[in-house]
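In what follows, a single structure is set out as structure tokens and then discussed.
FYI, it's all coordinate maths here, none of it is from the lab. Values in this document were obtained by computation on a predicted structure and should not be read as measured data. Here the Cβ is made from the backbone with ideal geometry for all residues, glycine too, and neighbour counts use every protein chain on show.
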Amino acid sequence: MIQNAKVVGENISPEVYARQEPGIERGNPQFVMSRSELMAFANCPHKWLKVGSGFERNDASEWGSAIDCLLLTPSRFEIDFLVKPATYPDAKTGEPKPFTASSNWCKEWLAKNDDGSKTLIKADEFARMREAILAFGDSREVMAILPKAKKQVMCVAEWNDRATGITVPIKVLLDLVPDASDPQFGKVLFDLKTTTNASQEAWQSKVFKMHYCEQAALFLDVYRAATGEDRLEFWHIVQEDEPPYEVAIWPLSTGADGETAASVGFVGLGRMKYESAMERYCQCLKTGIWHGYNPNSQTYLEPALWMINK
């Protein structure tokens, strides 16, 4: 169902990856679906349709994007980000004061340096980011992976839906792609994530909640279709966003023959979920019906088992 896949290039910025063709909005079959767009659609098709598309950053995504850039494509940092000074000189005393947008000196600095195309970073946050980047050096495995991999590799493809006959463009952005000939990592794709808790139990829950298993399956499927390479595994390099910026590496289970939960694996579960979401999306495109949270108003809410036990 994935066809016409190809690698677009590497060192692609998140903003470039997020772009759509002018005039192409959600609900248009030519809208290029990413994993995040697809999962937002799956959560509530009607809400997804009504919310405008575009690349937006919150505090968490700003931190993650900056860490990605500093670690994977540091030459792009000054292109995509602007670090504000920690202080400015007081007009009367010349003494340093904390940078504030209410100061005339700071306003002039922003007018001179900020053209609106870059993400502004506070000086103290940038200092923390540098500490976080240094913390990756404590992981021998990460240090072994980085020099052997292409970074920020973008691929595009098409989803050919069997039931509706609709073809939907899709895109993926891979953080780390080691050379296929590498004996240790040649069958692996890596994704860099930041989180508050990188422990096994916490990350297992987040993989499901944040649809990272769908990302893994989609990225593997598109990249294999684009290259013909035998990529079988998807690993997360996870770093906590508070000192000491602990790093963990969590490979997602790929499953095996059988019908148990263990045999499906996280990648298999993700594949079932993203394929189901694509099928629903094509049905919406065909019918023009975009359901909300409860398409059947006669669906009654039931108490969860833990509520009864409590």
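Summary of computed values
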read-out: Among Gly228, Asn296, Ala202 - extreme Cα towards positive end, dipole of the chain, charges at beta-carbon; value: Asn296
read-out: Taking Lys47, Lys84 and counting other C-beta atoms within 10 Å, the order from fewest to most; value: Lys47, Lys84
read-out: DSSP-defined beta bridges in the chain - what % are antiparallel, rounded to 5; value: 70 percent
read-out: Cα-based shape type of the stretch 1-132, given that a ≥ b ≥ c are square roots of the gyration tensor eigenvalues and the cut on a/c is 1.5; value: prolate
read-out: Residue order, fewest to most beta carbons within 10 Å, for Phe99, Phe234; value: Phe99, Phe234
read-out: Nearest-20 debye value, the chain charge dipole, Cβ charges on Lys, Arg, Asp, Glu; value: 640 debye
read-out: Helix 261-287 vs. the chain, principal-axis angle (Cα, 0 to 90°, nearest 10); value: 90 degrees
read-out: Degrees, to the nearest 10: 212-227 long Cα axis against longest axis of the chain; value: 80 degrees
read-out: Options Pro183, Leu146, Ala132, ranked by Cα towards positive dipole end of the stretch 95-230, top entry (Cβ charges); value: Ala132
read-out: 222 nm mean residue ellipticity, helices alone, for the chain (DSSP H n ≥ 4; -39,500 (n - 2.57); rounded to 500); value: -12000 deg cm²/dmol
read-out: On Cα atoms only, tilt of 59-72 relative to the major axis of the chain in degrees; value: 90 degrees
read-out: Length-normalised contact order for the chain - Cα pairs under 8 Å, 6+ apart - percent; value: 23 percent
read-out: Whole-Å distance, taken between Cα centres, linking the stretch 216-235 and the stretch 271-290; value: 22 Å
read-out: Residues with amide H under 5 Å from that of Lys97, placed H, sequence gap 5 or more; value: Tyr88, Asp90
read-out: Net charge of neighbours whose Cβ lies under 13 Å from the Cβ of Ile12, counting Lys and Arg as +1 and Asp and Glu as -1; value: 0
read-out: Extreme residue, positive dipole direction of the chain, given options Ala86, Cys155, Leu285 (C-beta unit charges); value: Leu285
read-out: Cα-centre dipole for the stretch 137-254 with unit charges at Cβ (Lys and Arg positive, Asp and Glu negative), debye to 20; value: 300 debye
read-out: From phi via Karplus (6.51, -1.76, 1.60), per-residue ³J(HN,Hα) for the stretch 149-156 in Hz, x at Gly/Pro; value: 10, 6, 10, 6, 8, 9, 10, 10
read-out: Sorted by Cβ density within 10 Å, fewest first, the residues Thr254, Thr196; value: Thr196, Thr254
read-out: Size of charge dipole - the stretch 194-249 - debye, nearest 20, with Cβ of Lys, Arg +1 and Asp, Glu -1, no other charges; value: 180 debye
read-out: Rounded if a/c under 1.5, otherwise prolate or oblate - the stretch 114-188, Cα gyration tensor axes; value: oblate
